[in-house]
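Chemist: This is the structure I have questions about; it appears just below.
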Amino acid sequence: MKSKLVAALLASAFAGAAFAAVSADEAKQLGGPVLTEFGAEKAGNKEGTIPAYNPKGIKIVPFDPSSPG
């Protein structure tokens, strides 16, 4: 009985991975104008709290210890 339960749990745990494939059309969108190479959306949010994707990274601002801010 235990072995059947373990087998059922393992089968259900790995069943989702079988359906995780993307279509050829979806794969063509990677690295395009909408999606990054990793599949994330390039656009930021409407509120501006999440900036748009920048493939060059973030701008590093030099630290000024005399600045109050």
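Chemist: Mind checking the dipole of the chain: about its Cα centre, +1 per Lys or Arg Cβ, -1 per Asp or Glu Cβ, Debye to the nearest 20?
Modeler: Dipole about the Cα centre, nearest 20: 280 debye.
Chemist: Quick one: angle between helix 2-18 and the longest Cα principal axis of the chain, in degrees between 0 and 90, rounded to 10, please.
Modeler: Helix 2-18 sits at roughly 40 degrees to that axis.
Chemist: Set the Förster distance to 35 Å, then compute FRET efficiency between VAL22 and SER67 from the Cβ-Cβ distance, nearest 0.05.
Modeler: Calculated transfer efficiency: 0.15.
Chemist: Per residue, how many Å² of accessible area does the chain show with a 1.4 Å probe? Could you put the intermediate results ahead of the total?
Modeler: On the way: 6560 Å² over 69 residues.
That works out to 95 Å² per residue.
Chemist: Carbon and sulfur together cover what percent of the accessible area of the chain at a 1.4 Å probe radius? Mind showing how you got there, number by number?
Modeler: Details: 4320 of 6560 Å².
Looking at the chain in its full context, I get 66 percent from C and S.
The values are calculated or read from the model by the stated rules, or taken from the named source; none is laboratory data. Computed from a predicted structure; not experimentally measured. As a convention, Cβ positions derive from the backbone with ideal geometry for all residues, glycine included, and neighbour counts pool all protein chains shown. When the accessible area is computed, the model is the full protein with side chains, heavy atoms only, and any ligands, DNA or RNA have been set aside. Shrake-Rupley method; radii C 1.70, N 1.55, O 1.52, S 1.80 Å.
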